[in-house]
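J.: There's a structure below that I have some questions on.
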Amino acid sequence: MDHKHLNYFLALAKTLHFSRASELCHISAPTLSRNIKQLEDEVGVMLFQRDNRSVKLTREGVAFKEYASATLSNWQRFKANLNEPQQHIYGNVSLYCSVTASYSFLHHILEQLRAQHQHIEITLNTGDPALAINRVLDGHESMAIAARPSKLPAQIAFVDIGYSPLVLIAPTIQCPITEKLTNNSETIDWSELEFIVAEQGFSRQRLEQWWRKNNVQGKIYAQVAGHEAMVSMVSLGLGVAMIPKIVLDNSPLNDKVQILDSKDEPPQGFKIGLAVLHKELNDPAISALWNIAQNMGENII
């Protein structure tokens, strides 16, 4: 039986969604559908019930899922024992994070991973950090570097690897924003300023909480996906923004913006960590990354 078919089957069994599973397998949805049909023909039973709206495992599919997982695990162990006198961990881990997290946190994780487990491969996708937890819940990636939510979903295991305060930033160039700040040097009137805000996520929630606490009637100039783009827009003089300080520290534009020293109580920052579904921690490759992240968390000062 073709191991490729088993990998495709497990991806679809995990997501129960052809588009998401094909994304994980890096093939088109029609190709995935064709391969699943070939597998069902080989097995001799339907493994999935599917229509235009949903995909479900059949009773035989549930049983076959255990067989497929065990077969691939045994194959990886066999290859390791055959090719190497010392046991190694093989596998591929898909991971999601923001651009900033990729070089502020992920770099250290991968450095340790390469030193300890050379045979684990990483598939990395970057994007809006506000989507990180949902990307794991929806099965797009196995793990994600994310801000810890106030209420963690029950399915998610989360280990802290860092912390970032939130800062309010403004442009340094001469523009209407800096003129307003100069005219209100004693106390900043936040209601007079235009804000660049995140479309969604924890920084947007913290900003709105801060607005309410300080009776600010926030004027929104633009809504942006991703903190890095927010720094860029602020540097151009289009508004002020609240962002994680770690984004500013790693931004190539950090000399083109200024941190505003507000007399108001500063906004609450958030913990940053590695998120994964509890059930995925049985995978040796995922567990190896998890252990590295735990060691990082223990070293947080």
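The values are calculated or read from the model by the stated rules, or taken from the named source; none is laboratory data. All values reported here derive from a predicted model rather than from experimental measurement. Backbone-built Cβ (ideal geometry, glycine too); neighbour counts: all protein chains shown. Surface areas here come from the heavy atoms of the whole protein model, side chains and all, with no ligands, DNA or RNA. Shrake-Rupley method; radii C 1.70, N 1.55, O 1.52, S 1.80 Å.
J.: Nearest 20 debye, what's the magnitude of the dipole of the stretch 1-107 about its Cα centre given +1 on Lys and Arg Cβ and -1 on Asp and Glu Cβ?
T.: 220
J.: Continuing with the same structure: Would you mind checking which residues have amide H under 5 Å from Phe48's amide H? H placed 1.01 Å from N; only 5 or more apart, or other chain.
T.: Placed amide hydrogens put Thr58 under 5 Å from Phe48.
J.: Pick from Ala115, Ala68, Ala225: which residue has the top mean-square fluctuation in a GNM of the chain where Cα pairs under 10 Å get a spring?
T.: Ala115
J.: What is the local net charge at Pro244, summed over the other residues whose Cβ is closer than 15 Å to its Cβ (Lys, Arg +1; Asp, Glu -1)?
T.: The answer is +1.
J.: Can you give me the % of accessible surface on the stretch 1-147 that is carbon or sulfur? Probe 1.4 Å, all protein chains present, nothing else counted.
T.: The computed percentage sits at 49.
J.: For mean projected area of the Cα convex hull in nm², which listed value, [x] 28.6; [y] 23.0; [z] 18.8, comes from the coordinates shown?
T.: [z]
J.: Just to be sure I follow the definition: excluding the sites themselves, where is the longest run in the chain that has none of the trypsin sites (Lys or Arg not before Pro) in a DSSP loop with at most 14 other Cβ atoms within 10 Å?
T.: Counting at most 14 other Cβ atoms within 10 Å as exposed, the longest clean stretch of the chain is 152-262.
J.: If you place +1 on the Cβ of every Lys and Arg, -1 on the Cβ of every Asp and Glu, and leave all else neutral, what size is the dipole of the chain about its Cα centre, to the nearest 20 Debye?
T.: Dipole of the chain, to the nearest 20 debye: 720 debye.
J.: Report the residues of the stretch 1-39 in range of a label on Thr71: point 7 Å along Cα→C-beta, backbone N strictly under 11 Å from it.
T.: Counting only backbone N, you get 1-10, 39.
J.: With loop defined by DSSP as not H, G, I, E or B, and exposure as at most 16 other Cβ atoms within 10 Å, which is the longest segment of the chain clear of exposed GluC sites (Glu not before Pro)?
T.: Segment 1-185 is the longest.
J.: State the Cα centre-to-centre distance between the stretch 214-269 and the stretch 270-294 in whole Å.
T.: Distance between centres, Cα-based: 31 Å.
J.: Still on this structure, please answer the following. Between Asn92 and Gln268, take the C-beta separation as r, use R0 = 35 Å, and let me know the FRET efficiency to the nearest 0.05.
T.: Calculated value: 0.45.
J.: Counting only C-alpha contacts under 8 Å and six or more residues apart, can you give the relative contact order of the chain as a whole percent?
T.: 21
J.: Turning to a different aspect of this structure: At 222 nm, what helix-only mean residue ellipticity would the chain give, in deg cm²/dmol to the nearest 500, using -39500 (n - 2.57) for each DSSP H run of four or more?
T.: Mean residue ellipticity, 222 nm, calculated: -13500 deg cm²/dmol.
J.: Oh, and also: State the answer as a single residue: which of Ser98, Ile169, Val240 lies farthest towards the positive end of the charge dipole of the chain, with beta carbon charges of +1 for Lys and Arg and -1 for Asp and Glu, about the Cα centre.
T.: It is Ser98, whose Cα lies furthest towards the positive end.
J.: OK, next. Where the centroid of each part is defined by its Cα atoms, how far is the stretch 1-61 from the stretch 84-137 in Å?
T.: So the two Cα centres are separated by 25 Å.
J.: To one decimal place, what Kirkwood hydrodynamic radius in Å is obtained for the stretch 47-148 from all pairs of distinct Cα atoms?
T.: Its Kirkwood hydrodynamic radius stands at 16.3 Å.
J.: Sticking with this one: Roughly how many Å² is the accessible area per residue of the chain, as a whole number, for a 1.4 Å probe?
T.: Per residue, the chain has an accessible area of 52 Å².
J.: Still on this model: Take Arg50 and Gln294, extend 7 Å from each Cα along the Cα→Cβ direction, and tell me the distance between the two endpoints in nm.
T.: 3.7
J.: May I pose another question? Could I have the simple spin-label model distance between His119 and Asn183, label points 7 Å from Cα toward Cβ, reported in nm to one decimal?
T.: 6.8
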